[in-house]
Amino acid sequence: MKEKLQKIRENAIAQIENSDGLAKLNDVRVAVLGKKGELTAVLKSMKEVAPEDRPKVGQWVNETRQEIENKLDEMKKKLEAAELEHRLENEVIDVTLPAKKNRVGHSHPNTMVLEEVERIFTGMGYEVVEGPEVEYDYYNFEALNIPANHPAKDEQDTFYINDKILLRTQTSPVQVRVMEQKKPPIRMIAPGRVFRADEVDATHSPSFHQIEGMVIDKGITFSNLKGTLTQFVQKLFGKKTKVKFRPHHFPFTEPSAEMDVSCFKCGGKGCRFCKGEGWIEILGCGMVHPRVLRMSGIDPEEYSGFAFGIGLERITLLKYEIDDMRLLYENDDRFLKQF
């Protein structure tokens, strides 16, 4: 029995020393010490040993097991260390290299300009009001002094859902709704998406955005309008920006005007950006028509007011010197990441 155990020990140690990996080492462990291993088989055969020899044979078996287990643990540590060293050599990380940066999204140019406009007007005491994009014909046209036979109501200009409901062509209906629901004084701007049946090109789109503003109070004059809009454009485009008002016609304001700003690229001298004129048209405005006030339940003898409307895309194109409106909607990452 002693010779048999000696042979098992020698064979096991030889296999352990020849193991070139942890998997092979584990196979040796199972073959020698497992439930069906050689040393386990010796223990199971102890019943065949004479009773007086069993203690001595049991001691030999335990000594053999202990020696094999010690050798297994020793070789396991060596193999684990060798494997770790191999991994460190092949999985080197240069901590001095710059890390990969996750790109973080940011606001769209339209959103950035809208937020700036809102900050300017809220700083002057205005509130921001929103309204429905699907609107009644009454609020979009009739309450704004635009009669049934007006050209703007033609289906070639306006998206009609039925004869009474349409996609709003301006955010002015929000002003009417506010005048109906709230007594003066009123100071508000109404930003939002509007819709017109326009062909898509560098300066037109069937869906775009407007920011319309209105003030209703006692003693409001055209001078208040000019002062407010001058303050607005100087905050938006710079303190040196000058303004010029040209007479115009809008059904819901009287008198009405279009406002130009001095070219912030050349300072009014004339350049490619302003087409050599030194001025850039930016918005329409005027004093709220007495009939519009009256239809909304406000006495024009007691109150007066002014209104203005700005195309959001237009001032975005001007502010960032973009020459094609379509770039704002194509979602080209090469374009958007510049802002």
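See the values below:
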| item | result |
| --- | --- |
| Output for region 238-253, where each listed residue is of a type in the set (F, W, Y) and either touching a His at 6+ places or on another chain (Cβ under 7 Å) or open to solvent by 80 Å² or more (accessible area, probe 1.4 Å) (or both) | F252 |
| Residue under evaluation H150, criteria (1) touching a Phe, Trp or Tyr at 6+ places or on another chain (Cβ under 8 Å); (2) closer than 30 Å to E330 by Cβ, criterion not met | (2) |
| Check on S223, within 15 Å of C285 (Cβ to Cβ) and open to solvent by less than 10 Å² (accessible area, probe 1.4 Å) | no |
| Test for T316: is it in contact (Cβ under 8 Å) with a residue 12 or more places away in the chain, open to solvent by less than 10 Å² (accessible area, probe 1.4 Å) and in contact with a helix residue (DSSP H, G or I) (Cβ under 6 Å, 6 or more places away or on another chain) | yes |
| Residue in region 193-203 that is assigned to a strand (DSSP E or B), aliphatic (A, V, I, L, M) and surrounded by 21 or more Cβ atoms within 10 Å (Cβ to Cβ) present | yes |
| Single residue of region 172-191 satisfying the filter (in a strand (DSSP E or B) and open to solvent by less than 10 Å² (accessible area, probe 1.4 Å)) that is farthest from E301 (Cα to Cα) | A190 |
| Conditions (1) touching a helix residue (DSSP H, G or I) at 6+ places or on another chain (Cβ under 8 Å); (2) outside any strand (DSSP E or B); (3) not basic (K, R): number failed by V233 | (1) |
| Residues (among the β-branched types (V, I, T) and more than 18 Å from V113 (Cα to Cα)) located in region 183-205 | I186, V200 |
| Where K235 falls short, out of the listed (1) over 31 Å from the mean Cα position of the chain (by Cα); (2) among the charged types (D, E, K, R); (3) within 30 Å of Y329 (Cα to Cα); (4) open to solvent by 30 Å² or more (accessible area, probe 1.4 Å) | (1) |
| Scan of region 267-306 for residues that are open to solvent by less than 40 Å² (accessible area, probe 1.4 Å), in contact (Cβ under 8 Å) with a residue 60 or more places away in the chain and not in a strand (DSSP E or B), ordered by number | V292, L293, S296, I298 |
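Conditions tested, residue by residue: (1) modelled with pLDDT of 75 or more; (2) out of contact with any helix residue (DSSP H, G or I) (no Cβ under 6 Å at 6 or more places or on another chain); (3) open to solvent by 60 Å² or more (accessible area, probe 1.4 Å).
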site	(1), (2), (3)
K4	no, yes, yes
A12	yes, no, no
N18	yes, yes, yes
Q59	no, yes, yes
E63	yes, yes, yes
E69	yes, yes, no
K78	yes, yes, yes
N90	yes, yes, yes
I93	no, yes, yes
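The values are calculated or read from the model by the stated rules, or taken from the named source; none is laboratory data. What you see is a predicted model; the values in this text were computed from it and never measured. No Cβ is skipped: glycine too gets one built from the backbone with ideal geometry, and neighbour counts run over all protein chains shown. To get the accessible areas, we keep the full protein, side chains included, count just its heavy atoms, and leave off ligands, DNA and RNA. Shrake-Rupley method; radii C 1.70, N 1.55, O 1.52, S 1.80 Å.
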